[in-house]
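The values are calculated or read from the model by the stated rules, or taken from the named source; none is laboratory data. For clarity, every value in this text was computed on a predicted model and none was experimentally measured. Every residue, glycine among them, receives a Cβ derived from its backbone with ideal geometry; neighbour counts consider all protein chains shown. The area values use the complete protein model at the heavy-atom level, side chains included, leaving out ligands, DNA and RNA. Shrake-Rupley method; radii C 1.70, N 1.55, O 1.52, S 1.80 Å.
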Amino acid sequence: MAVTKDFLRQYFVASACALLLVIWGCSSYDNNFYKPLRGQSGKDVVWIATQDALVVKMLSAAQVTEQDLVYDLGAGDGIIPITAAKQFGARAIGIEYNEKLATLAQANALRSGVGDRVKIIQGDIFVEDFSKASVVTLYLLEELNAKLRPQILKMQPGTRVVSNTFSMGDWEPDQVIDSNGHTAYLWKVPAQVGGGWTVSGLASDGKSHASHIHFDQRYQRLSGTMTVDGKKQVLLGTRIEGNVLHFSFLNAQDELKHVKAFVDNYQLTGEVVAPYGMVELRLPTQKITALRSVNPQ
Ligand SMILES: C[S@@+](CC[C@H](N)C(=O)[O-])C[C@H]1O[C@@H](n2cnc3c(N)ncnc32)[C@H](O)[C@@H]1O
């Protein structure tokens, strides 16, 4: 009996000590972490974290998958790169100027179990290279977005850009995202197709007459004209989405035809398909190719 009492006393003392050690250990672990203050100043913009629900909506709108490399410019505590890795399976890189925030963000990634897929670079977004991103996320300011815009527009066509709250000046978004009164915007970097193209394969008689197309481009907005055998027509439904180009034209039989083509720098390859909602019966597929007749600026 005495042994049991002693044993119990020792057991409770040991348990209490262990509990105290755990509590002390946990709190000292937490206290080691830097606690940023909402609205604290940063190099070019203050720190405020994007709300969790909006982060998910932004990454969903950008259709992030495990194939993506997401860059968050001004990563703060890492919420966006961590969510991109944890919920969307992507690899993610955050660039954060504030050293303490950068350390915290990397530690948060480790604690969230995605330390192997999230890297935080302590650096300046105007110095570090983010050109390999397939998705760029921003929560900066309109003027900072405008400063980054020329660099973003040179990125791989189809790169998705999502910005919390702030727009890109006169580059209209492709999508507006709403979440509990908060707004974000999505853009897809368009391929640059402005200028002249010499196209073959558009003639419906199967002969390879060359047609000339001229596109005027402002970001993703396009207009165009096509000249075949000296006859000029305005193209309809011209649009560019990433590197996918669409336009419609009237062929020699006055039939409306639709072209879907892929842009690869100086070349277009695609095919003539039926206008939306209609089934093209004619075989074989009418392929088109085009080369730039004037080099882009
Ligand atoms: C509004 S917070 C957004 C944080 C995070 N992206 C989010 O959405 O939760 C902007 C962050 O950018 C950082 N920052 C400001 N200027 C920067 C610069 N030139 N380079 C890198 N980070 C910068 C700030 O320290 C801050 O953490």
Apply the Karplus curve 6.51 cos²θ - 1.76 cosθ + 1.60, θ = phi - 60°, to the phi angles in the stretch 95-105 and return the couplings in whole Hz, x for Gly and Pro. 10, 9, 6, 5, 4, 5, 5, 4, 5, 4, 4
Can you give me the P(r) profile for the stretch 142-232? Cα pairs, bins 10 angstrom wide beginning at 0, each as a whole percent. 15, 34, 23, 17, 10, 2
Gly42's amide H: which non-local residues (gap 5+, or another chain) put their own amide H closer than 5 Å, with H modeled 1.01 Å from N in plane and none for Pro or chain starts? Trp47
Rounded percent of accessible protein surface that carbon and sulfur make up, the stretch 52-188, 1.4 Å probe: 48 percent
With labels modelled as points extended 7 Å from the Cα through the Cβ direction, what inter-label distance (nm, one decimal) is found for Lys43 paired with Ser131? 1.9 nm
Per residue accessible area in Å² of the stretch 52-188, where ligands, DNA and RNA are left out and the probe is 1.4 Å: 44 Å²
Could you give the Stokes-Einstein D for the stretch 59-173 in µm² per second, using the C-alpha Kirkwood radius, 10 °C, 1.306 mPa s? 114 µm²/s
Per 0.36 nm of contour for each residue apart, how much would the distance between Glu271 and Arg221 grow if the chain were fully extended, relative to their Cα-Cα spacing? 15.9 nm
Quote the FRET efficiency, to the nearest 0.05, computed for Val56 versus Thr289 with a Förster distance R0 of 35 Å and r equal to the Cβ-Cβ distance. 0.25
What full-extension length gain, to one decimal in nm, is calculated for Glu142 and Leu110 as 0.36 nm per residue of separation minus the Cα-Cα distance? 8.4 nm
Lys35 and Gln87 label points (each 7 Å along its Cα→Cβ direction) are spaced in nm at 2.5 nm
Starting from the residue with the highest accessible area, list Ser211, Ser223 in decreasing order, probe 1.4 Å. Ser223, Ser211
Cβ-derived FRET efficiency at R0 51 Å, Lys260 paired with His182, nearest 0.05: 0.90
